[in-house]
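Report on the following structure.
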Amino acid sequence: MKKNKGYYFIIPIIIVFFSYTIGYAADQLYRLMHNDHDALVIGEVTESSENEITVDVEKQIVSSKDISLVSPNKQITIKGTITVGRVTEYALFYEDKSTESRPQKGDYVLVSINKTGNNFINAWGIYKLDSKDYKTLNIIYPKDASIYIKMDAAAIKYFVNSNGTKNEFSFDGNQGKVYSGKKLIYDGSLENENSSVYEDISALVHIDENSGESKGNTILNFNNSTLFLVTTGTILAVGVISAYMIKRK
């Protein structure tokens, strides 16, 4: 029985759709630091319930880079007091069941939000802070947090302290270190791991800022160029496979 040629077109389309989704996917941290929301605000929790919080907004952070080069999310201006829904627990408190894992009245928070109609909802996480001063604040995490959570917290802190200008980071999971360009901003081997360390390491370690690679270390670095190349390569590969399938038919 002769098969419908449309069958050979449906499969590649499905593959392209999912490949593009995977290729352009970014983790929560990257999205938080690249405007993949309607707003990112700092404020104080004035009311808290099971699924939402009311926040008195103190400061808004807008990243200097967008996750999408083609159609960046336009950031909306947030002032005054807002209520944010879809609130469960603080980011970085994934396994912690204490009261600290949920926003409470009087907490200082960093909130990634989207606007739906007249309402605001949690987009890429709510982070607990030790103050509302964006220049000096720290990200709070559980006392028994893993080194990976501490590394994430260090990157977010550096991003916020820079008012969104520093948003590209390299993570050395083997050494427990985080870099911003050639600067070491966190070293998990230090005794006091709750504070970030800013050290110019350009003379100590060579880091290729284009590839995110460092000699002798495993560095993970994600940016828009990487996502674009992965997506483009995937689409081209699917196109070749589709042409081959049609030719065989």
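The values are calculated or read from the model by the stated rules, or taken from the named source; none is laboratory data. Predicted model, so just to flag it, every value in this text is computed and none were measured. Because the Cβ atoms are built from the backbone with ideal geometry, glycine has one as well, and the counts that use them run over all protein chains shown. Surface areas here come from the heavy atoms of the whole protein model, side chains and all, with no ligands, DNA or RNA. Shrake-Rupley method; radii C 1.70, N 1.55, O 1.52, S 1.80 Å.
Observations on the structure shown:
- Screening I53 against (1) within 25 Å of I147 (Cα to Cα); (2) open to solvent by less than 40 Å² (accessible area, probe 1.4 Å) leaves a single unmet condition, (1).
- The stretch 168-184, residues that are surrounded by fewer than 23 Cβ atoms within 10 Å (Cβ to Cβ) and under 23 Å from Q60 (Cα atoms): E168, S180
- Which listed residue is open to solvent by 10 Å² or more (accessible area, probe 1.4 Å) and either of a type in the set (A, V, I, L, M) or free of Cβ contacts under 8 Å to residues at least 12 places away in the same chain (or both), from K132, K97: K97
- Looking across the stretch 146-166 at every residue that is hydroxyl-bearing (S, T, Y) and not in a loop (DSSP other than H, G, I, E, B), the one that is least open to solvent (accessible area, probe 1.4 Å) is identified as Y158.
- Among the residues here, F120 does not qualify as in contact with a Ser or Thr (Cβ under 7 Å, 6 or more places away or on another chain), of a type in the set (A, V, I, L, M, F, W, C) and at pLDDT below 95.
- Selection within the stretch 60-85 - of a type in the set (D, E, K, R) and within 11 Å of V111 (Cβ to Cβ): none
- For the condition modelled with pLDDT under 95, closer than 24 Å to Y186 by Cα and of a type outside the set (K, R), E89 does not qualify.
- If you go through the stretch 100-129 and keep only what is surrounded by 21 or more Cβ atoms within 10 Å (Cβ to Cβ) and farther than 23 Å from N161 by Cα, you end up with just F120.
- Qualifying residues in the stretch 106-147 (those that are within 14 Å of the chain's Cα centre (by Cα) and of a type outside the set (A, V, I, L, M, F, W, C)) - the one farthest from D172 (Cα to Cα): N122
- When restricted to residues that are in contact with a helix residue (DSSP H, G or I) (Cβ under 8 Å, 6 or more places away or on another chain), closer than 20 Å to N118 by Cα and modelled with pLDDT under 95, the stretch 30-81 contains 0.
- Scanning the stretch 112-136 for residues that are assigned to a strand (DSSP E or B) and of a type in the set (S, T, Y) returns S112, T116, Y127.
- Filtered by the rule that a residue be among the small types (G, A, S) and surrounded by fewer than 18 Cβ atoms within 10 Å (Cβ to Cβ), the stretch 56-73 gives S64, S68, S71.
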